[in-house]
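In what follows, a structure is listed as structure tokens, so that the remarks can point back to it.
Just so it is clear, none of the values below were taken in a lab; they were calculated from the coordinates. A quick note: this is a predicted structure, and the numbers were derived from the prediction, not measured. Cβ coordinates were reconstructed from backbone atoms using ideal geometry, including for glycine residues, and neighbour counts include every protein chain displayed.
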Amino acid sequence: MVGWAIAGLILAASLVLVSTTLLRADLTMIPVALGTMMALTTVMRGAQRAFPGALPGSIIAAFLTLLVAWWLFVALRRAVGVSVRGS
């Protein structure tokens with residue numbers, strides 16, 4: 001039980017650190033961060049192979065999730081007036 005509590009505290013501290021340093025500086029990064037977390041979760045669940053097509057389906061779903069996250073990122077950057085390529 002102590003191991004779970006320590007892991008939870010480390011995770012909470014790292015999320016607070018990321019949100020206060022990286023995401024607060026550039027809110028357009030939120031779709032990328034959330035999309036990455038969602039894609040990883042989807043692939044991890046698919047890797048458990050609850051049914052025969054779970055892994056290929058989860059890989060396709062993760063790709064689509066990342067695609068939508070990138071689309072939202074670009075749309076937000078354009079709305080704010082920041083170049084996506086950084087130039």
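Of note:
- Rounded to 0.05, the FRET efficiency of the Trp71 and Phe51 pair, given R0 = 22 Å and the Cβ-Cβ distance, is 0.15.
- With the simple model of a label 7 Å out from the Cα in the direction of the Cβ, Ile60 to Arg85 spans 3.4 nm.
- Correct choice for Rg/Rh (Cα atoms, Kirkwood Rh) that was computed from the model, options [x] 1.10; [y] 1.50; [z] 0.97: [x]
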